[in-house]
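The values are calculated or read from the model by the stated rules, or taken from the named source; none is laboratory data. Quick caveat: nothing in here was measured; it's all calculated off a predicted structure. Neighbour counts run over all protein chains shown; Cβ positions are idealised from the backbone, glycine included. Keep in mind that these areas ignore ligands, DNA and RNA; they rest on the heavy atoms of the full protein, side chains included. Shrake-Rupley method; radii C 1.70, N 1.55, O 1.52, S 1.80 Å.
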Amino acid sequence: CLDSEGKLHEFGSRWRTDDCNDCSSFRHGISCCSSYATPVDYDKEKCESIFNKETCSYKVLEKDDHSKECPVHSWV
């Protein structure tokens, strides 16, 4: 199978893309989904979500002090 970047993958193989998607190759095609959860329920006035592409994960930190994490009540 060829992925969207033109890379060849064997049937039954799995890989993670540069955009943090986990993909699998099958005889009928390629299936991909995000490998991370996205924070959706937190104080958006006081805090901001920051994506780390190295770890494929979000942290929710205070806008004025990135050393302080904010509570997140829901992820998708």
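For Leu8, are the conditions met, namely being of a type outside the set (Lys, Arg) and touching a Lys or Arg at 6+ places or on another chain (Cβ under 8 Å)? In short, no. Within the range 35-51, restricting attention to residues that are within 30 Å of Gly12 (Cβ to Cβ) and open to solvent by less than 60 Å² (accessible area, probe 1.4 Å), which residue is modelled with the lowest pLDDT? Among them, the one singled out is Ser35.
Across the range 1-18, the qualifying residues are those that are charged (D, E, K, R) and loosely packed, with under 12 Cβ neighbours inside 10 Å, and the one among them that is farthest from Thr55 (Cα to Cα) is Glu10.
Answer yes if at least one residue in the range 58-71 is surrounded by 13 or more Cβ atoms within 10 Å (Cβ to Cβ), closer than 26 Å to Asp3 by Cα and within 18 Å of the chain's Cα centre (by Cα), and no otherwise. Yes, there is a match, as at least one residue in the range 58-71 is surrounded by 13 or more Cβ atoms within 10 Å (Cβ to Cβ), closer than 26 Å to Asp3 by Cα and within 18 Å of the chain's Cα centre (by Cα).
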